[in-house]
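Engineer: One structure is given below, represented as structure tokens, and several questions about it will come after.
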Amino acid sequence: MIERNKIEAEVEKTLKSLDNISRAQANPFLFTRIRQKMMKEEAIWGKVAGYISRPAFAVVTICFVVLINAWILFNENNEDVMDGPAQQQQALSEVSEQYNLAISSAFYDYENP
């Protein structure tokens, strides 16, 4: 019974301590801090844009593109370039052999499929 009285006293004491509690207040500078953080993130993108807009970056990028184009141009296989009708005919015959197109189409009726 004594323990029950102690428990009830503790419960009563706890409930009385809750009577004086008020709603939590936010820091008055919280909105300012959040806004500053958002502006800081935008500043990162501003730095990236500033770096890309530098003339040195533009020159390096243009040189890189020109070098890649030159490499592709000079490493192109010149055997694929067909100048005359003989080479074109040879290429057509190679394709027809590869895909078994040597079969005559004389047996196919184009008007009545």
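The values are calculated or read from the model by the stated rules, or taken from the named source; none is laboratory data. The structure presented is a predicted model; accordingly, all values stated were derived computationally and were not measured. Ideal geometry is used to build each Cβ from the backbone, glycine not excepted, and the neighbour counts take in all protein chains shown.
Engineer: Those residues that are surrounded by 10 or more Cβ atoms within 10 Å (Cβ to Cβ) and among the aromatic types (Phe, Trp, Tyr), I need them from the stretch 20-55; list them, please.
Structural biologist: Passing the criteria: 31, 51.
Results for (1) more than 30 Å from residue 93 (Cα to Cα); (2) modelled with pLDDT under 90; (3) exposed (fewer than 10 other Cβ atoms within 10 Å of the Cβ); (4) under 32 Å from the mean Cα position of the chain (by Cα), shown as yes or no for each residue.
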{"position": "5", "(1), (2), (3), (4)": "yes, yes, yes, no"}
{"position": "18", "(1), (2), (3), (4)": "yes, yes, yes, no"}
{"position": "57", "(1), (2), (3), (4)": "yes, no, no, yes"}
{"position": "71", "(1), (2), (3), (4)": "yes, no, no, yes"}
{"position": "78", "(1), (2), (3), (4)": "no, yes, yes, no"}
